[in-house]
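Everything below concerns the one structure shown next.
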Amino acid sequence: MTHSAEHSWTHAGHGLPDAVEPAPTTTAIATGLQLPAGFAAIAKDLELGPAITTNLARVEKKLREAIANSDPLADATSRHLVEAGGKRIRPLLTLLCAHLGDASRPEVVQAAVVVELTHLATLYHDDVMDSAPYRRGAPTAHEVWGNSVAILTGDLIFARASILVSELGSRALGIQARTFERLCLGQLHETVGPREGEDAVEHYLSVIADKTGSLVAASGQLGAIFAGADEAFEDVLVEYGEKVGVAFQLADDVIDVTGVKVKSGKSPGTDLREGVPTLPVLLLRKAADNGDHSAVELLKLVDGDLSSDEALALAVAGLREHPVTAESWVIARQWSAEAIEALKPLPEGVVKESLTNFAHAVVERAS
């Protein structure tokens, strides 16, 4: 295949489109970074703080380089979510866990970019599957360009992540492949629902372990591997990541019916309206099946037409006050406590303290 003079992109689409503004410097990016809740100990550490912030800025810069595409459409769709922002929790965990070894190795930053690219790619696919209208306060890609373009953009970003991880060697590639497999299985199992006779709550917990926990676990593991940390720490970080990832998602479920839009950027009841299964609703169904009259009556609201703001507000208020919401918080905090327990073998220090604080923070959010 030859290139015509009117087309500037390459076969693989690597490179920048014409007339792109110069990328900000690493220093400029680092200056504007704010660490997520639970990581205050990093910022206070005079050595670790600047090291993590600088590497996060490098990750941010390399993310933009990785998704840059000389095809103008591919470039615009790929940049859509990166530029919408995000907490960058997964790359932050990679960089933090690398401080159990030699965090200065360049492979650490590349691994952090890989996990965030993988996460971003899943968001494009998830939003199509869930018919979500917004992500991070901006219209989702499928709302702007349609489902096919959004799905293909997710695939393209997965491909870029695969290119980068292949440069890190076969072990990293194996971790990425197995994580990708679990991400797909989690989405598949969420789509088809529990098998006949399978407990709906247990099914849901397995879904979010695959969809959320697996990538969080891989993030910490890759940081330890490429920093040359003690191999014994890897299993610790995998177990921690799995459990804290589940805790994070369960907390999000509860926040959907208790959160405040001005803080979270997400209106209460968004998941309810979109029919996304969440722990409070699953527990409500179980309570109704067990003869709880209040649960039966509330389900009539939850399963009804929630297209109007008034109907949604009634369903949210009812679910917020029902005991299943408090029960959901208890379950989320149990997963957080188990994540913290898994950290016991790690040496005392800022890394362990930050991982512990993060596990607390994910289930102490009000919104």
Qualifying residue in segment 75-84 (condition: touching a His at 6+ places or on another chain (Cβ under 8 Å), part of a helix (DSSP H, G or I), of a type in the set (Gly, Ala, Ser) and surrounded by fewer than 20 Cβ atoms within 10 Å (Cβ to Cβ)): no
For Ser166, work out the one condition from (1) open to solvent by less than 60 Å² (accessible area, probe 1.4 Å); (2) of a type in the set (Gly, Ala, Ser); (3) at pLDDT 95 or above it doesn't fulfil. (1)
Please go through segment 158-176 and give me each residue that is small (Gly, Ala, Ser) and touching a residue at least 40 places away in the same chain (Cβ under 8 Å), ordered by number. Ala161, Ala172
Right, Thr54: at pLDDT 60 or above and either part of a loop (DSSP other than H, G, I, E, B) or open to solvent by less than 70 Å² (accessible area, probe 1.4 Å) (or both) or not? yes
From the residues in segment 316-352 that are modelled with pLDDT under 95 and among the charged types (D, E, K, R), which one is nearest to Val246 (Cα to Cα)? Arg320
Which residue pairs have Cβ atoms closer than 6 Å, lie 6 or more positions apart in sequence or on different chains, and pair a first residue in segment 345-360 that is assigned to a loop (DSSP other than H, G, I, E, B) with a second residue that is among the charged types (D, E, K, R)? Leu346/Lys352
Farther than 19 Å from Glu83 by Cβ and out of contact with any strand residue (DSSP E or B) (no Cβ under 6 Å at 6 or more places or on another chain): is that true of Gly154 in this structure? no
Taking the criterion of being touching a residue at least 40 places away in the same chain (Cβ under 8 Å), open to solvent by less than 40 Å² (accessible area, probe 1.4 Å) and closer than 18 Å to Lys211 by Cα, would at least one residue in segment 126-141 satisfy it? yes
Can you find even one residue in segment 338-346 that is among the hydrophobic types (A, V, I, L, M, F, W, C), open to solvent by 20 Å² or more (accessible area, probe 1.4 Å) and within 11 Å of Val257 (Cβ to Cβ)? no
For segment 217-234, give me each residue that is open to solvent by 10 Å² or more (accessible area, probe 1.4 Å) and in a helix (DSSP H, G or I). Gln221, Ile225, Phe226, Ala232, Phe233, Glu234
With the checklist (1) out of contact with any Leu (no Cβ under 8 Å at 6 or more places or on another chain); (2) under 24 Å from Thr270 (Cβ atoms); (3) touching a residue at least 60 places away in the same chain (Cβ under 8 Å) in hand, flag the one item Leu319 doesn't pass. (1)
Could you tell me whether Thr191 is in contact (Cβ under 8 Å) with a residue 60 or more places away in the chain, exposed (fewer than 14 other Cβ atoms within 10 Å of the Cβ) and within 29 Å of Leu279 (Cβ to Cβ)? yes
Give me a count of the residues in segment 285-317 that are of a type in the set (Asp, Glu) and either open to solvent by less than 20 Å² (accessible area, probe 1.4 Å) or not in a helix (DSSP H, G or I) (or both). 3
Looking only at helices (runs of 4 or more DSSP H) that lie completely in segment 88-147, which have at least 1 residues being out of contact with any Lys or Arg (no Cβ under 6 Å at 6 or more places or on another chain) and closer than 17 Å to Ala218 by Cβ? 89-97, 106-130
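The values are calculated or read from the model by the stated rules, or taken from the named source; none is laboratory data. Worth saying up front: this structure is predicted, and the values here are computed from it rather than measured. Methodologically, a virtual Cβ is constructed for each residue, glycine included, from the backbone with ideal geometry; neighbour enumeration extends over all protein chains shown. SASA here: full protein model, heavy atoms, side chains in, ligands and nucleic acids out. Shrake-Rupley method; radii C 1.70, N 1.55, O 1.52, S 1.80 Å.
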